[in-house]
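The values are calculated or read from the model by the stated rules, or taken from the named source; none is laboratory data. The structure displayed is predicted, hence computed values, not measured ones. Methodologically, a virtual Cβ is constructed for each residue, glycine included, from the backbone with ideal geometry; neighbour enumeration extends over all protein chains shown. These area figures cover heavy atoms from the full protein model, side chains too; ligands, DNA and RNA do not enter into them. Shrake-Rupley method; radii C 1.70, N 1.55, O 1.52, S 1.80 Å.
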Amino acid sequence: ADLTLSTMAKGPVKKVAPVPEHVLKKRKAQETIKAAQQAKLVTDKKASKIERKSIIDKAASYDKEYKIAARDIVEKRRAAKKTNNFYMEPEPKLMLVVRIKGINAVDPKTKKILQLMRLRKINSAVFMKVNSASINMLRLSGAYVTY
């Protein structure tokens with residue numbers, strides 16, 4: 001099976017047109033961009049996996065913390081009951097205040113209190129710390145807000 005040029009090409013030989021230089025440059029640039037994207041994808045996946053694991057670990061630690069706190073409250077209640085006492089649970093430190101009434105016929109003092117609480121529009125809401133000042137403000141503007 002000796003192959004020579006005369007037996008291989010029986011018809012006219014087609015010449016392959018040379019590829020323009022700008023096309024070669026573009027192909028090379030696209031290849032480098034694609035390689036960089038693949039590398040970035042791999043690193044992003046690794047980072048995402050690490051981040052997901054840290055989020056799951058954080059959620060587990062929060063869950064454990066809340067269960068311990070709930071168990072602690074139950075134990076304190078039981079201990080107080082054994083000694084014929086009462087256990088006062090800690091009051092919440094934060095409250096959500098929502099404005100439920102509009103601006104018609106609001107007296108100036110109540111209007112000022114609502115402005116101080118940043119409740120200028122109906123259905124707007126703010127988080128507030130629970131302290132004596134905020135409780136007094138809520139008492140004075142009670143008809144216009146709920147919490």
- Query: For residue 110, all conditions in the list (1) under 30 Å from residue 72 (Cα atoms); (2) of a type in the set (S, T, N, Q); (3) surrounded by 13 or more Cβ atoms within 10 Å (Cβ to Cβ) hold save one; what is the number of the exception?
  - Reply: (1)
- In region 67-96, what residues are under 23 Å from the mean Cα position of the chain (by Cα) and surrounded by 10 or more Cβ atoms within 10 Å (Cβ to Cβ)? 95, 96
- Note on the structure: Flagged pairs (Cβ under 6 angstrom, 6 or more apart or on separate chains; first in region 93-113, over 19 Å from residue 133 (Cβ atoms) and without any contact (Cβ under 8 Å) to a residue 40 or more places away in the chain; second among the aliphatic types (A, V, I, L, M) and open to solvent by less than 100 Å² (accessible area, probe 1.4 Å)) are 102/122
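Restricting to region 113-147, what's the tally of residues that are β-branched (Val, Ile, Thr), under 30 Å from residue 77 (Cβ atoms) and assigned to a loop (DSSP other than H, G, I, E, B)? Walk me through how you get there before you give the answer.
Just the residues of region 113-147 that are β-branched (Val, Ile, Thr), to begin with: 113, 122, 126, 130, 135, 145-146.
Keeping just the survivors that are under 30 Å from residue 77 (Cβ atoms) gives 130, 135, 146.
Retained after the next criterion (residues that are assigned to a loop (DSSP other than H, G, I, E, B)): 130.
Qualifying residue count, region 113-147: 1.
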- Message: Can you find, within region 1-49, the residue that is modelled with the lowest pLDDT among those that are open to solvent by 100 Å² or more (accessible area, probe 1.4 Å), in a helix (DSSP H, G or I) and among the hydrophobic types (A, V, I, L, M, F, W, C)?
- Response: 5
